[in-house]
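So the structure is just underneath, and the comments pick up after that.
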Amino acid sequence: MFTGLVEEVGRIRLAQKRGDGLTLAIQASHILQDISDGDSIAIDGVCLTVINFTDSEFSAQAVGETVSRSTFGHKTAGHTVNLERALRADARFGGHFVQGHVDGVAKIIAIETRDPGYWLSVRLPQKLAPFVVEKGSIALDGVSLTIAKIEGEMLSVAVIPHTWKATTLQFKKTSDSMNVEVDILAKYLKNFVQPFQESHRLSLQKLADLGY
């Protein structure tokens, strides 16, 4: 479990394809201070397991399912990535609950400077639109953000200067892709309500079954 509060921006030294999967070697510093093999690290919002590490980098593997659902298929050496260690039980909780299970990929439509920060607009995959609401939370490349505006499949977020400079958002440009994880509460709620909605949906057969 993560919070969407990025701790460090790392740099990919190696992105090696292995079958449908990918092995990453990522240069970092801050998060390596108490890292161990088997730890969970969110890399651009994707939860991966540390398989080995040195004083200057760590390695992790992504399986084909993860690669197909995220931007990892386009990652190469030199790319920067947001990094966050898993949430500790005794730590303050900021941001929102982020699992590190990416739901899909969004495309950046516009980036605007709006004093004192920035306005970022992205287009979501159609299937994710029902899970977002204004003032709700969303994770973009692992960054916890609050949705400021929604128009169909396009949503916008306001980004403060600190978040912009402390994450890979500062390097983004229009048409870039970003990993998306919608709020876990929205996913559970939809899963809970949908069977009820379907069982109460009227149809000619339903009306006939009811004697009309």
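When 153, 181 are checked against the criterion of being surrounded by 15 or more Cβ atoms within 10 Å (Cβ to Cβ), touching a His at 6+ places or on another chain (Cβ under 7 Å) and at pLDDT 95 or above, a single residue qualifies: 181.
The residue of the stretch 77-113 that is farthest from residue 139 (Cα to Cα), among those that are modelled with pLDDT under 95 and surrounded by fewer than 14 Cβ atoms within 10 Å (Cβ to Cβ), is 90. Taking the listed residues 44, 37, the one that is of a type in the set (Asp, Glu), at pLDDT 95 or above and more than 22 Å from the chain's Cα centre (by Cα) is 37, with no other qualifying. Are any of the residues in the stretch 105-113 acidic (Asp, Glu) and assigned to a loop (DSSP other than H, G, I, E, B)? No, that holds for no residue. Can you confirm whether the stretch 119-133 contains a residue that is assigned by TED's automatic domain parsing to the domain that holds residue 22, out of contact with any Pro (no Cβ under 8 Å at 6 or more places or on another chain), of a type in the set (A, V, I, L, M) and in contact (Cβ under 8 Å) with a residue 24 or more places away in the chain? Within the stretch 119-133, not a single residue is assigned by TED's automatic domain parsing to the domain that holds residue 22, out of contact with any Pro (no Cβ under 8 Å at 6 or more places or on another chain), of a type in the set (A, V, I, L, M) and in contact (Cβ under 8 Å) with a residue 24 or more places away in the chain.
Screening residue 139 on (1) surrounded by fewer than 16 Cβ atoms within 10 Å (Cβ to Cβ); (2) in contact with an Asp or Glu (Cβ under 8 Å, 6 or more places away or on another chain); (3) at pLDDT 95 or above; (4) within 19 Å of residue 70 (Cα to Cα) shows it passes everything except condition (1). Of all residues in the stretch 157-178, those being within 15 Å of residue 112 (Cβ to Cβ), surrounded by fewer than 19 Cβ atoms within 10 Å (Cβ to Cβ) and free of Cβ contacts under 8 Å to residues at least 40 places away in the same chain number 1.
Residue-wise test of (1) surrounded by fewer than 19 Cβ atoms within 10 Å (Cβ to Cβ); (2) without any contact (Cβ under 8 Å) to a residue 60 or more places away in the chain; (3) aromatic (Phe, Trp, Tyr).
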{"site": "11", "(1), (2), (3)": "yes, no, no"}
{"site": "18", "(1), (2), (3)": "yes, yes, no"}
{"site": "28", "(1), (2), (3)": "no, yes, no"}
{"site": "42", "(1), (2), (3)": "no, no, no"}
{"site": "52", "(1), (2), (3)": "yes, yes, no"}
{"site": "63", "(1), (2), (3)": "yes, yes, no"}
{"site": "70", "(1), (2), (3)": "no, no, no"}
{"site": "74", "(1), (2), (3)": "yes, no, no"}
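Do we find that residue 62 is touching a helix residue (DSSP H, G or I) at 6+ places or on another chain (Cβ under 6 Å) and among the hydrophobic types (A, V, I, L, M, F, W, C) in this structure? Criteria met by residue 62.
The values are calculated or read from the model by the stated rules, or taken from the named source; none is laboratory data. These numbers come from a predicted model, not from an experiment. Virtual Cβ from ideal backbone geometry, glycine too; neighbours counted across all protein chains shown.
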